[in-house]
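The values are calculated or read from the model by the stated rules, or taken from the named source; none is laboratory data. Just so it is clear, the model here is predicted, and its values are computed rather than measured. Don't worry about glycine lacking a Cβ; one is built from the backbone with ideal geometry, like all the others, and counts go over all protein chains shown.
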Amino acid sequence: MNIKKTLTLFFLLLTLSSTGCAYRHYLGMHDPSITSSPEIHVDVQDDAECLECHDPQTQAEAPPTNHPNFKGCLKCHNDTP
């Protein structure tokens with residue numbers, strides 16, 4: 001392989017494996033869906049409701065988010081239309 005193809009492949013794999021939510025959402029890879037626990041997430045409509053339970057500063061039993069200042073929780077974690 002020549003150097004251009006190798007670098008292109010490297011950067012593509014780096015982008016795909018990035019842990020950033022925005023990259024993953026842009027590429028169509030959603031994070032864990034709220035529909036996997038529908039009984040807990042009934043009537044969740046906005047990001048503030050998500051962060052009530054998933055903010056790392058709270059003592060809730062929900063898994064804390066690693067990006068509490070990022071807006072767009074439901075864009076990445078809700079696969080319903």
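Would a scan of segment 31-40 turn up a residue that is modelled with pLDDT of 80 or more, among the hydrophobic types (A, V, I, L, M, F, W, C) and out of contact with any Ser or Thr (no Cβ under 9 Å at 6 or more places or on another chain)?
yes
Can you work out which of the residues in segment 1-30 that are of a type in the set (A, V, I, L, M, F, W, C) and modelled with pLDDT of 85 or more is surrounded by the fewest Cβ atoms within 10 Å (Cβ to Cβ)?
ILE3
For segment 52-78, name all the residues that are closer than 17 Å to THR35 by Cβ, over 9 Å from the mean Cα position of the chain (by Cα) and surrounded by 13 or more Cβ atoms within 10 Å (Cβ to Cβ).
Scanning segment 52-78 gives CYS53, HIS54, ALA62, ASN78.
Please work out if PRO56 is at pLDDT 85 or above and in a loop (DSSP other than H, G, I, E, B).
yes
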